[in-house]
There are 2 protein chains.
Amino acid sequence: MRKIWKNVYNWGDTEKKIDSTIEHHINHFKHLLGIQGEARDLPLNSNAQEEVKLAKKSRLTRQVLRDLMRFVGSDNVQVDDFSRARHSFGKYYGDILRMRMGKFANVPDAVVMPRTEEDIIKVINYCNLKRIAVVPWGGGTSVTRALEAEKGGIALDLTRNYKDILSLNAEDSTVTVEAGILGPELEQYLNERGYTCGHFPQSFEFATVGGWLAARGAGQASTGYGRIEDMVVGFRAVTPAGLISCGNYPAASVGADIRHFLMGSEGTLGVITRVTLRVRRYNAANASLKSYMFKSFEEAVTAMREMMQSQVMPPHFFRISDPEETEIGLGMKGKDKGITGAALNMLGFRQGGRSLMYAIFEGDPAQVKLGVKTLGRIVRKHRGLSLGSYATRKWLEQRYSSAYMRDPMMDAGIRIDTLETAVHYSNLTQLWQAVREYIKRDGQTLCLTHISHTYETGANLYFIFVSPMLAKDELAQFEKFHRGIVQVFAANGGTLSHHHGIGRLVAHLLDRQHSPATLQAWRAVKKTLDPKGIMNPGALIFKK
Amino acid sequence: MRKIWKNVYNWGDTEKKIDSTIEHHINHFKHLLGIQGEARDLPLNSNAQEEVKLAKKSRLTRQVLRDLMRFVGSDNVQVDDFSRARHSFGKYYGDILRMRMGKFANVPDAVVMPRTEEDIIKVINYCNLKRIAVVPWGGGTSVTRALEAEKGGIALDLTRNYKDILSLNAEDSTVTVEAGILGPELEQYLNERGYTCGHFPQSFEFATVGGWLAARGAGQASTGYGRIEDMVVGFRAVTPAGLISCGNYPAASVGADIRHFLMGSEGTLGVITRVTLRVRRYNAANASLKSYMFKSFEEAVTAMREMMQSQVMPPHFFRISDPEETEIGLGMKGKDKGITGAALNMLGFRQGGRSLMYAIFEGDPAQVKLGVKTLGRIVRKHRGLSLGSYATRKWLEQRYSSAYMRDPMMDAGIRIDTLETAVHYSNLTQLWQAVREYIKRDGQTLCLTHISHTYETGANLYFIFVSPMLAKDELAQFEKFHRGIVQVFAANGGTLSHHHGIGRLVAHLLDRQHSPATLQAWRAVKKTLDPKGIMNPGALIFKK
């Protein structure tokens, strides 16, 4: 019950069984990587498997804890080792690896779970006065080391008590929620009333609305519903310099838009509290699922680009798997060498070139019909073949499952992690090739790439790299490898991140993305909103 | 030739004749306001009509002028009274009125016209060193007093030499230009190649791309093409703290997005130089023009809202005239009391209630067809009547002409000005009524209102108010009246401005829109990028 490992494993879903599909996929990866039998030299420290024992006790005085309890209620302040340990890491590969090793670092001194915005204001004002560090906590799904308590202090966890739905405004098509609400709770509420939010990041099941904003994320349906910043109508944030209320109008020309500093601030400027999001009418029966095979990645990308630039409303979900991901996907379904593989080969859709496209259109039925027709025409122009709905239906069923594969794969001695970027179409192929080349320098690494977020001027590229774990020095080797990939992004016109954020993982490269004067301005905003540097110290560019 | 009045009149188009339509419209306004004969007591000072003579000579030393000439070329620095006077005001009603009176204030000491970004960097660095104020100049169409040289210094006019089109990237669907280019030059270049930018503010003929960004504007087709911030892919800005390059990726999650501080900064942070905009394929033949009459403003707004929330791609241009604007429009066309008016009355579209909707769909022909069909269905549901394309075609022909009416109207003793806001649908009618009530307190004021920029959650409201000019104290009375309107916006959930910006006109109300901590953060960015306060001093919140 209090074993940290149980809480980490499977995204923290200790009840979830590894289903036969995942098991099958893992065996396929083992086969591809030439791994036989069980894991090699994989430490699973007793501190992970047994009850957590932290080396250091909470450094907060009794008086401070009493004060915090006074603000949020005595049940809502935790100082036990398990709670503190559980709030010291996210879902980065290195985090999971450290948990396997039972290595805890940057642990908060207490976990505080406010009930209201007023609670949050009291806690922030108090921590500012006492110079106690605060790391705002949503679902804890950061894959960029955004959640570490470098200076101790408190983890401000909004998920227990601060998750009410405040109002649904049908006329304005907006919903207002408390930031600690999880995706599924919000979506269920909306679905029951005929609406959707349309934001489905991979972490959907565990991430909070506040976290969506704080990380400036994008969901799987971003092509149709937009990124989180396109959905946000307005929100409030509690900063050490005071409460900020921003937005809550359809559009404006009133100078600086502070929302674009708070979104993506990953807890370094304040705590996002009350959020108003645009919603849309939703009827699952209107969705149309399509999949298409192309003879080459380049043709698939060209077709995607033409759809995005067609001025016909594009699909809500729009994806392409590159040849390696397509092939591994077919292999997992046993379709690479069977009748499907043979038929595809015969039709000129050859292994190593063929690329699979997925599309889901939603919303108004006539608009869906037009989209499907338009995309079909573009696909045929680029020698693509309609495969019906099967592949997309399968993908949709397993849309959140790949996150569950990581831990069992590590059990089997396989490292799996991801990095993602965004780039204009004219640089896309070049960047894709350069990253693959870098990754493939280690001959034993599989590199599965997809495009999953598409725009008129370009798209993201999402790289999944899979290799055998090293018996020694795994974390250090991996970090070096990881940094190299982001450097290749930057060298080829790609962003450091498309939707994962910065955290502490790519912060050292921020000058590749932002001009020196931009970084200065950003630091000035930090200094103004958080003059004592209590908010998530050490994250982003705000190192001491 | 050097008469300032000639340069101001008719948007500065001294060749343009007042056509019979405008004359007809003006007579109609005179009739409605009960004004007979010619203007009353309208001073047209000799300083306006004759060669300009400024009271004060340029305060820049010969050495400074020589240095500036060295940076930008000797032909590109002007210190004559006419050039300086011409760069001391924009297109706000009060500006035009002051020009009529020959009252010059806040005049720059020189006009500097850089040729390259390198020139701009040299000038800004030099002015920063010497603490010389700089007001960046585009087309000079600000209606918010954004362009005044409060501290003298230089007007940095980009329109003469800094207006090249640098590249059109068909693959990415982007165009990169120098910021001083005017709308028509860019649009003609794009149209010849089968593209459009899609940004058509009322000031289109005279405004620059840099100005579009600096004022964070929205064009008449913003419902389809987006606001300027939706079109901007990336840009560069020269600030006293250094060159900022920002954006130039399809999307990113890399922390703060400084573009949303520079856009809308109205020259207070730096000079926007090189701009990359998204463009779209364009074929004029695909456009479908529609107009509809509704029995009430409320029904028209509901139909517009349902279209925006339908998940079918909405019209690119989407407008509603409120009952008073509808009636005056019909009256100008002589259709209010004739057969059309009678027929409309008979059908229940009665004067005082009836509201006209305009829609233009562009782009893909099948998408256009679907849009027209969907809107037609929604219109019928709300008792609207299709009027064919006539009204919209007429509007399109005269889309920029209302700006040309202002000066001849002032000749006739009529004051005409506009203010605009944006508000969510659930507050829209209330705000509309409150503003009308305020404006109508002066019984002699006509108030024509339209919605011209529409969103899923709300829309703008654009108020045109027309009244007889006062013989005495016109400017002071008008300013008081004007401030009152913006206060009613703020009190009813509206923004201070939807696309006109802030300048010096609504700056005193910024705390109604932004939280104190936001204003502090904004000032910190100013202090960082422009530590000596040389950039457009006194504009926005940056008063000394």
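The values are calculated or read from the model by the stated rules, or taken from the named source; none is laboratory data. Just so it is clear, the model here is predicted, and its values are computed rather than measured. Because the Cβ atoms are built from the backbone with ideal geometry, glycine has one as well, and the counts that use them run over all protein chains shown. Just the protein is used for accessible areas: all its heavy atoms, side chains included, with ligands, DNA and RNA removed. Shrake-Rupley method; radii C 1.70, N 1.55, O 1.52, S 1.80 Å.
Okay, residues lined up against (1) under 25 Å from B:Phe349 (Cα atoms); (2) in a helix (DSSP H, G or I):
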| residue | (1), (2) |
| --- | --- |
| B:Thr374 | yes, yes |
| B:Arg383 | yes, no |
| B:Ser386 | yes, no |
| B:Arg399 | no, no |
| B:Asp407 | no, yes |
| B:Leu428 | yes, yes |
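Going by the structure shown, is A:Phe489 assigned to a helix (DSSP H, G or I), within 14 Å of chain B (Cβ to nearest Cβ) and aromatic (Phe, Trp, Tyr)? Yes; evaluated as a whole, the condition is true for this residue.
Would you please name the residue that is nearest to B:Val312 (Cα to Cα), looking only at residues in the stretch A:309-329 that are hydrophobic (A, V, I, L, M, F, W, C) and open to solvent by less than 20 Å² (accessible area, probe 1.4 Å)? I'd like the intermediate steps shown before the answer.
Filtering the stretch A:309-329 for residues hydrophobic (A, V, I, L, M, F, W, C) gives A:312-313, A:317-318, A:320, A:328.
Then keep just the ones that are open to solvent by less than 20 Å² (accessible area, probe 1.4 Å); that gives A:312, A:317-318, A:320, A:328.
Values: A:Val312: 10, A:Phe317: 16, A:Phe318: 18, A:Ile320: 25, A:Ile328: 37 Å.
So the residue we want is A:Val312.
Taking the stretch A:509-525 as the range and being open to solvent by 20 Å² or more (accessible area, probe 1.4 Å) and either among the charged types (D, E, K, R) or under 24 Å from A:Ala155 (Cβ atoms) (or both) as the test, the residues that pass are A:Asp511, A:Arg512, A:Arg523. Checked against the criterion of being more than 11 Å from chain A (Cβ to nearest Cβ) and aromatic (Phe, Trp, Tyr), the candidates B:Tyr189, B:Tyr195 yield just one match: B:Tyr189. If you go through the stretch B:111-132 and pick out every residue that is in contact (Cβ under 8 Å) with a residue 60 or more places away in the chain and under 18 Å from B:Leu182 (Cα atoms), you end up with 1.
I'd like the residue in the stretch B:492-523 that is without any contact (Cβ under 8 Å) to a residue 12 or more places away in the chain and in a loop (DSSP other than H, G, I, E, B) and, out of all such residues, is nearest to the other protein chains (Cβ to nearest Cβ). Here the residue is B:Ser515. Can you tell me which residues in the stretch A:465-490 are within 19 Å of A:Trp432 (Cα to Cα) and open to solvent by 70 Å² or more (accessible area, probe 1.4 Å)? Within the stretch A:465-490, A:Arg483, A:Gln487 qualify. Checking each residue of the stretch A:391-411 against the condition of being aromatic (Phe, Trp, Tyr) and under 30 Å from A:Met101 (Cα atoms) gives at least one match.
Quick check: anything in the stretch A:377-385 within 14 Å of another protein chain (Cβ to nearest Cβ) and at pLDDT 95 or above? Within the stretch A:377-385, one or more residues are within 14 Å of another protein chain (Cβ to nearest Cβ) and at pLDDT 95 or above. The one condition from (1) over 12 Å from A:Ser515 (Cβ atoms); (2) away from chain A (no Cβ under 11 Å); (3) open to solvent by less than 10 Å² (accessible area, probe 1.4 Å) that B:Phe235 does not meet is (1).
Pairs meeting the criteria (first residue in the stretch B:185-203 and open to solvent by less than 10 Å² (accessible area, probe 1.4 Å), second residue among the charged types (D, E, K, R) and part of a helix (DSSP H, G or I), beta carbons under 8 Å, at least 6 apart or on different chains) are B:Thr196/B:Glu187; B:Cys197/B:Glu187.
Looking at the stretch A:185-302, the strands (runs of 3 or more DSSP E) lying wholly inside it that each contain 1 or more residues that are of a type in the set (A, V, I, L, M) and within 23 Å of the chain's Cα centre (by Cα) sit at A:232-239, A:271-278.
The set of residues from the stretch A:17-65 being among the hydrophobic types (A, V, I, L, M, F, W, C) and at pLDDT 80 or above comprises A:Ile22, A:Ile26, A:Phe29, A:Leu32, A:Leu33, A:Ile35, A:Val52, A:Leu54, A:Ala55, A:Leu60, A:Val64, A:Leu65.
Considering the stretch A:436-464 alone, what residues qualify as being of a type in the set (Ser, Thr, Tyr), buried (at least 21 other Cβ atoms within 10 Å of the Cβ) and outside any loop (DSSP other than H, G, I, E, B)? Within the stretch A:436-464, A:Thr449, A:Thr454, A:Tyr462 meet the criteria.
A count restricted to the stretch B:82-97 and to residues that are out of contact with any Ser or Thr (no Cβ under 9 Å at 6 or more places or on another chain) and surrounded by fewer than 22 Cβ atoms within 10 Å (Cβ to Cβ) stands at 5.
Out of A:Asp75, A:Asp80, A:Asp109, A:Asp119, which single residue is among the charged types (D, E, K, R) and in contact with a Phe, Trp or Tyr (Cβ under 7 Å, 6 or more places away or on another chain)? I'd like the intermediate steps shown before the answer.
Working: A:Asp75 fails: in contact with a Phe, Trp or Tyr (Cβ under 7 Å, 6 or more places away or on another chain); A:Asp80 fails: in contact with a Phe, Trp or Tyr (Cβ under 7 Å, 6 or more places away or on another chain); A:Asp109 fails: in contact with a Phe, Trp or Tyr (Cβ under 7 Å, 6 or more places away or on another chain).
Going through A:Asp75, A:Asp80, A:Asp109, A:Asp119 in turn, just one is among the charged types (D, E, K, R) and in contact with a Phe, Trp or Tyr (Cβ under 7 Å, 6 or more places away or on another chain): A:Asp119.
When B:Asn427 is tested against (1) open to solvent by less than 40 Å² (accessible area, probe 1.4 Å); (2) within 14 Å of chain A (Cβ to nearest Cβ), exactly one condition is not met: (1).
Among the candidates A:Ala241, A:Ala251, A:Ala284, A:Ala256, single out the residue that is of a type in the set (Gly, Ala, Ser), at the interface with chain B (Cβ under 7 Å from one of its Cβ atoms) and open to solvent by 30 Å² or more (accessible area, probe 1.4 Å). Working first, answer last.
Details: A:Ala251 fails: open to solvent by 30 Å² or more (accessible area, probe 1.4 Å); A:Ala284 fails: at the interface with chain B (Cβ under 7 Å from one of its Cβ atoms); A:Ala256 fails: open to solvent by 30 Å² or more (accessible area, probe 1.4 Å).
Answer to the check: A:Ala241.
Residues in the stretch B:317-340 that are touching a residue at least 60 places away in the same chain (Cβ under 8 Å) and of a type in the set (Val, Ile, Thr): B:Ile320, B:Ile328. Selection of the stretch A:287-332 for residues being out of contact with any Ser or Thr (no Cβ under 8 Å at 6 or more places or on another chain), of a type in the set (Asp, Glu) and away from chain B (no Cβ under 14 Å) yields only A:Glu327. Looking across the stretch B:341-367 at every residue that is under 19 Å from B:Phe297 (Cβ atoms) and free of Cβ contacts under 8 Å to residues at least 12 places away in the same chain, the one that is most open to solvent (accessible area, probe 1.4 Å) is identified as B:Asn345. Can you pull out every residue in the stretch B:133-183 that is without any contact (Cβ under 8 Å) to a residue 40 or more places away in the chain and either assigned to a helix (DSSP H, G or I) or open to solvent by 40 Å² or more (accessible area, probe 1.4 Å) (or both)? Once the filter is applied, which keeps residues that are without any contact (Cβ under 8 Å) to a residue 40 or more places away in the chain and either assigned to a helix (DSSP H, G or I) or open to solvent by 40 Å² or more (accessible area, probe 1.4 Å) (or both), the stretch B:133-183 yields B:Asp164, B:Ile165, B:Ser167, B:Asn169, B:Ala170, B:Glu171, B:Gly183.
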